[in-house]
Amino acid sequence: MDDIRIRCPKCNWEADGQAHWVCTCGHEWDTFSTGGRCPSCSKQWDATQCVDKKIGGCQHFSPHLDWYENLDSIVDELKEELEEKV
Ligand SMILES: [Zn+2]
Ligand SMILES: [Zn+2]
């Protein structure tokens, strides 16, 4: 799964594994470590905001899944594997 890269679909800022996201409950975490769910209050974030311009982001919101590059190819591979087993 190393070929999944996580980038902002709008400006290509690449997620660096740091806790840049703050939930409405005040918890700070790396939203990509939990698939967009706050580990503190379990709120599911369908859209993910890009980071502050100071660290290279654009601050625009994008659907969480749009951040994962190569996700479609991995899903296709999984589907092929499943079809082979049938
Ligand atoms: Zn929360
Ligand atoms: Zn961005």
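Numbers at a glance
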| quantity | calculated |
| --- | --- |
| Failed item, numbered, when Ser62 is tested on (1) without any contact (Cβ under 8 Å) to a residue 24 or more places away in the chain; (2) of a type outside the set (Val, Ile, Thr); (3) closer than 15 Å to Ile6 by Cβ | (1) |
| The range 4-31 residues that are within 13 Å of ligand 1 (Cβ to nearest atom), paired with ones that are basic (Lys, Arg) (beta carbon under 9 Å, 6 or more apart) | Cys23/Lys43; Thr24/Lys43; Cys25/Lys43; Thr31/Arg37 |
| All positions within the range 1-47 that are aromatic (Phe, Trp, Tyr) and either touching a Gly at 6+ places or on another chain (Cβ under 6 Å) or part of a loop (DSSP other than H, G, I, E, B) (or both) | Trp13, Trp45 |
| Restricting the range 48-84 to residues that are in a strand (DSSP E or B) and of a type in the set (Phe, Trp, Tyr), the residue that is surrounded by the fewest Cβ atoms within 10 Å (Cβ to Cβ) | Phe61 |
| Residue selected from the range 1-28 under the condition small (Gly, Ala, Ser) and more than 12 Å from the chain's Cα centre (by Cα), by the criterion farthest from Cys50 (Cα to Cα) | Gly26 |
| Residue in the range 69-85 that is under 10 Å from the mean Cα position of the chain (by Cα) and modelled with pLDDT under 95 present | yes |
| Selection status of Ser40, at pLDDT below 95, surrounded by fewer than 16 Cβ atoms within 10 Å (Cβ to Cβ) and away from ligand 2 (no atom under 13 Å from the Cβ) | no |
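The values are calculated or read from the model by the stated rules, or taken from the named source; none is laboratory data. All values reported here derive from a predicted model rather than from experimental measurement. Methodologically, a virtual Cβ is constructed for each residue, glycine included, from the backbone with ideal geometry; neighbour enumeration extends over all protein chains shown.
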